[in-house]
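Read the structure below first, then the notes.
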Amino acid sequence: MSDAAPILTCRNVSIRYLTGDFKSIGLKEWVMRCLTGNYKVVDFWADRDVDFELQRGDMLGIIGTNGAGKSTLLKAVSGIMEPTYGQVVRHGRVAALLELASGFDGDLTVKENAYLRGAMLGYTRAFMDATYEQIVEFAELKEFEDRPFKQLSSGMKSRLAFAIASFVRPDILILDEVLSVGDGGFRAKSEAKMKEIIHGGATTILVSHAIGQVRAMCNKVLWLHKGRQIVFSEDVAGVCTAYEAFLKRPAGPAVYPPPASA
Amino acid sequence: MMGFLSSTFSKLSKHRFLLEELVKRDFKKKYKRTVLGMAWSMLSPMLMLLVMKVVFENFFGRDIPHYTTYLFCGLLTFNWFAESTNGGMFSLSANSAIFTKVDVPKYLFLFSVNVQALINFALTLLVFFAFCALDGVPFTWTFLLLVYPVATLLFMNIGIGMILSALFVFFRDVDYLWRVFLQLLAYGSALFYTIDGFSPLLQLGFALNPVYRHIAYIREVVLMGQVPSLELHLTLLGFAVAAFLAGCLMYKHYNTRFLYYV
């Protein structure tokens, strides 16, 4: 496995993230703030020297507390952001399923939204024509297909989002806390569908706060802490144990392997 | 530059389905799915034409033959410019939920707005031809030359739309400033008067107004039935290329940075 060419390589990926007073600001406010010296732009390293590679069929779990740089790293992997330093090399199509329910349009119907989302995910019209019925069927929204999207409950919206996305057949699949959506019945269905995609040969990156899920499904694990890579390892169980120990004592150091005294 | 253009076109064909779905979405949202909606959007230029004719005919109409057509030439052009740039300005920020999640070319949103504005313009143009006939303007072969200013103005609109949409992401009061500017521009584009009696200095100011120059081209072709000078052709081309290039450079430069601002 490990002698095969990597399908995804992250080489010393560092991303400097900008934040501060420039967000949602007007021109006159900007001028005033500059004049009064009240204009601050903060930049910080969301990711620093993250370095790993994945082979076909790998399933990587990314763990870390809030603000560890997980989402930013995923944006770099999916091509939405460019690393400030370092490089991301992808061999194949990437599909990122991030925050599924946003990006829909409330005024369009279920069917129109499905087509729009399909187009965003890179499907062709022919593919959408062929699979649309399956998608609404899976989402259990057949009777709502001509309703404006704003009339749907939030559960229904995420069901549709998941159903469309689940037909994607990428080489690299990125999952940000979206392994399962909806109520009991749909949750089981969506988990089954997810496993089907993963076992279809895709290389998967999973971000999850459910350590049990990472333990059960992943064969590699990446632990990030405040933008720094604590460890990238195939010893999933060991890293997860160390991470759980760290979570119990947040004041303690984020290190791997764990200190001998622990 | 050629490489950039050809890669843009190959991307465009790859994302054709998405562009079509975006155009459909924008149409449905704008016209609220009614046939009247489209007629509605023609109402404003027609009323404007009526008011201007009633109010200004006594002042300027005496010296300007075919005054109705003269007015319409200006309104037709100016309204297209205003609609395209005003709508284009919001194209990035309104779609931020999409481009921060999926890696899609950001100019597609602007293109969608411009497809719509172009269709609106084409419809108004049909009404314009009807008015020309009613006004007794002879249809000559020079009408065919209308293709030229339409093409240059289209590229200029897209270029300015790119600049404005980028600026609007950075500064949220650009829309206010642009509306004020458009109002000034409407008075400064000789929609209802001629610039013949003005001082040379003032005439130079008009020569630098791209919207006025487009209107002047259209008037010359329609009302005088003559081929405009080579200088005017090159000027229009210059405006279009300058605006389009500036827009492209801006999008290229900020492509991966927009997401910090939304």
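The alpha carbons of the range A:94-169 give a radius of gyration and a Dmax of 11.1, 32 Å, in that order. Label chain A by shape, choosing from rounded, prolate and oblate, from the square roots a ≥ b ≥ c of the eigenvalues of the Cα gyration tensor; if a/c is under 1.5 it is rounded, and otherwise prolate applies when a/b is larger than b/c, oblate when it is not. Judged from the Cα gyration tensor, chain A comes out oblate (a/c at least 1.5, b/c at or above a/b). When the charge dipole of the range B:28-177 is built from unit charges on Cβ atoms (+1 for Lys and Arg, -1 for Asp and Glu) and taken about the Cα centre, the candidate among B:Gly74, B:Gly161, B:Ser112 whose Cα reaches farthest toward its positive end is B:Ser112.
If you take all other residues with their beta carbon under 12 Å from the beta carbon of A:Glu145, and give Lys and Arg +1 and Asp and Glu -1, the sum is -3.
Net charge of the neighbourhood of A:Asp171, taken over other residues with C-beta under 11 Å away and scored Lys/Arg +1, Asp/Glu -1, is +4.
Listed from fewest to most Cβ neighbours within 10 Å, the set A:His225, A:His199 follows the order A:His199, A:His225. Taking chain B as a Gaussian network of alpha-carbon nodes connected by springs under 10 Å, the highest mean-square fluctuation of the residues B:Ala186, B:Ala240, B:Ala39 belongs to B:Ala39. Listing A:Arg147, A:Arg56 from fewest to most neighbouring C-beta atoms within 10 Å gives A:Arg147, A:Arg56. All alpha carbon pair distances within the range B:44-261 were sorted into 5 Å bins beginning at 0; the resulting P(r) in whole percents reads 1, 7, 14, 18, 19, 15, 11, 7, 5, 3, 1, 0. With neighbour counts taken as other beta-carbon atoms within 10 Å, the residues A:Thr124, B:Thr68, B:Thr77 rank, fewest first, as A:Thr124, B:Thr68, B:Thr77.
For the protein assembly as shown, the calculated P(r), taken from all Cα-Cα distances in 10 Å bins from zero up to the bin holding the longest distance, is 3, 15, 22, 22, 16, 11, 6, 3, 1, 0 percent.
Relative contact order of chain B, taken over Cα pairs closer than 8 Å and 6 or more residues apart, is 27 percent. Between helix B:230-254 and chain B there is an angle of about 20 degrees, using the helix long axis and the longest principal axis of the Cα atoms. Per-residue mean of foreign Cβ neighbours for A:114-127 is 5 (Cβ atoms of other chains, 10 Å radius). Under a no-solvent Debye model with one identical scatterer per Cα of the range B:1-116, what's log10 I(q)/I(0) at q = 0.14, 0.17, 0.18 Å⁻¹? Log10 of I(q)/I(0), two decimals: -0.75, -0.92, -0.97.
Between helix B:67-89 and chain B, what is the angle of the helix's C-alpha long axis to the longest principal axis, kept within 0 to 90° and rounded to the nearest 10? Relative to chain B, helix B:67-89 is tipped by roughly 10 degrees. Within the range B:50-113, the trypsin sites (Lys or Arg not before Pro) that combine a DSSP coil assignment with at most 15 other C-beta atoms in a 10 angstrom radius are B:Arg62. Once amide H atoms are placed 1.01 Å from N in the peptide plane, what residues at a sequence separation of 5 or more from B:Arg172, or on another chain, have their amide H within under 5 Å of its amide H? For B:Arg172, whose amide H was placed from the backbone, the distant partners under 5 Å are A:Ile25, A:Gly26, A:Leu27.
When only the Cβ of Lys, Arg, Asp and Glu is charged (+1, +1, -1, -1), the dipole of the range B:44-261 relative to its Cα centre reaches about 540 debye.
FYI, it's all coordinate maths here, none of it is from the lab. In this text, all values refer to a predicted model and were calculated from it rather than measured experimentally. So basically every Cβ, Gly included, is an ideal-geometry build from the backbone, and we count neighbours across all protein chains shown.
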